[in-house]
Amino acid sequence: DWKGEMIDLSFVCIWIVAITCIICGAHPPIMSSSDVESDRDGRHPDEKKLTWKILLLPLFGSIFLLLMFFFLNVMIYAVVVILTIIAMISVIFVVLPISNFIYFRSFGSPPSFRMKWGININIPNVVTLIIAIGLCVIWLLTQYWFVVNILAWCVGVTQLRSIHLRSFKQATVLLAILIIYDVFWVFISPYIVKSDTSVMETVARGMPGLPLFIWPRFQEPESFAFLGLGDVALPGLVMCLLKNFDRFRQVFGVDNNNENIAGVRRRSIF
């Protein structure tokens, strides 16, 4: 029918998953105690150094794409191992607070057991580790789309909670450079490597089951709609920066006239 032709519900589902990933990634307080101390003392990281580090991201990304394009059969095993480790760490990062909360609400504080190597473990830690290993094993063996979504969601939340932009200048530079990066490797690279498909598309198709947001199409069950993690994480970083700015104004009492009314120096976020 005409509604099904105009609106593909698979894209709506992907949009909902991506939005929840950004919301959960930006949920905890973003400003750390070290940021507060730097605001009080007027000490800030060198913006030029941070901006140059941002400029290195597309450079390393381009090198990785070229290596994967020309040596895909050799590098795919190393990439799968790295992605498995990243996915497992991300699942632990997301699930462990939930496990601790559920156990504490049900049974109180969990007892800890000290291992040989001085590591303290408890029941929530063990349960979380089993869940993380189980999801990664299912992903490696079946590449089932729902498990791929779970891993991608956990990786996205971990990225948003771990990487913080400190100014709108950095956000502008990052997004502008990555737009050029995407346009080059998607639309211009086929003419350079003389291929029917772009370098980025060739690498993505050569590595099935990557952690990304994927949903089966309702009109065509055998095909899938998908959205890369980068398309969620990068706008999400900017949204986290905006939330950081709002939180700073609310917590430290900066009024609408940009005046300091709480005895804390106003942070330069532009």
**Prompt:** Are any residues in the stretch 97-114 under 30 Å from the mean Cα position of the chain (by Cα) and exposed (fewer than 10 other Cβ atoms within 10 Å of the Cβ), and if so, which ones?
**Reply:** ARG105
**Residue count for the stretch 175-208, restricted to those that are buried (at least 18 other Cβ atoms within 10 Å of the Cβ) and in contact with a Ser or Thr (Cβ under 9 Å, 6 or more places away or on another chain)** = 7
**Request:** Starting from the stretch 115-140, keep only residues that are closer than 17 Å to PHE101 by Cβ, then list their pairs with residues that are polar (S, T, N, Q) and surrounded by fewer than 16 Cβ atoms within 10 Å (Cβ to Cβ) whose Cβ atoms are within a distance under 6 Å, requiring at least 6 positions of separation or different chains.
**Result:** ASN122/SER112
**Only one of VAL126, VAL148 that is out of contact with any Asp or Glu (no Cβ under 7 Å at 6 or more places or on another chain), of a type outside the set (D, E, K, R) and open to solvent by less than 40 Å² (accessible area, probe 1.4 Å)** = VAL148
**Request:** Might you let me know whether the stretch 26-34 holds any residue that is exposed (fewer than 13 other Cβ atoms within 10 Å of the Cβ), under 21 Å from GLY156 (Cβ atoms) and modelled with pLDDT of 85 or more?
**Result:** no
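Yes/no matrix, rows are residues, columns are (1) closer than 22 Å to ILE63 by Cα; (2) at pLDDT below 75; (3) open to solvent by 70 Å² or more (accessible area, probe 1.4 Å):
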{"position": "GLN219", "(1), (2), (3)": "no, yes, yes"}
{"position": "ALA233", "(1), (2), (3)": "yes, no, no"}
{"position": "LEU237", "(1), (2), (3)": "no, no, no"}
{"position": "LEU242", "(1), (2), (3)": "no, no, yes"}
{"position": "ARG249", "(1), (2), (3)": "no, yes, no"}
{"position": "ASP255", "(1), (2), (3)": "no, yes, no"}
{"position": "VAL264", "(1), (2), (3)": "no, yes, no"}
**Prompt:** Among TRP153, TRP139, TRP215, which is the only one that is modelled with pLDDT of 80 or more, farther than 23 Å from LEU66 by Cα, open to solvent by less than 80 Å² (accessible area, probe 1.4 Å) and not in a helix (DSSP H, G or I)?
**Reply:** TRP215
**Message:** Step by step: first the residues of the stretch 181-202, then only those that are in contact (Cβ under 8 Å) with a residue 60 or more places away in the chain and within 20 Å of the chain's Cα centre (by Cα), then the one that is farthest from SER223 (Cα to Cα). Which residue is that?
**Reply:** TYR181
**Prompt:** With respect to the numbered conditions (1) open to solvent by 20 Å² or more (accessible area, probe 1.4 Å); (2) in a loop (DSSP other than H, G, I, E, B), which one is the sole condition not fulfilled by LEU165?
**Reply:** (1)
**Fill in**
Quick count over the stretch 57-85, residues being touching a residue at least 40 places away in the same chain (Cβ under 8 Å) and either of a type in the set (Phe, Trp, Tyr) or open to solvent by less than 50 Å² (accessible area, probe 1.4 Å) (or both), is 11
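The values are calculated or read from the model by the stated rules, or taken from the named source; none is laboratory data. All values derive from a computational prediction rather than experimental measurement. All Cβ positions, glycine included, derive from the backbone under ideal geometry; neighbour counts span all protein chains shown. With ligands, DNA and RNA removed, areas are computed over all heavy atoms of the protein, side chains included. Shrake-Rupley method; radii C 1.70, N 1.55, O 1.52, S 1.80 Å.
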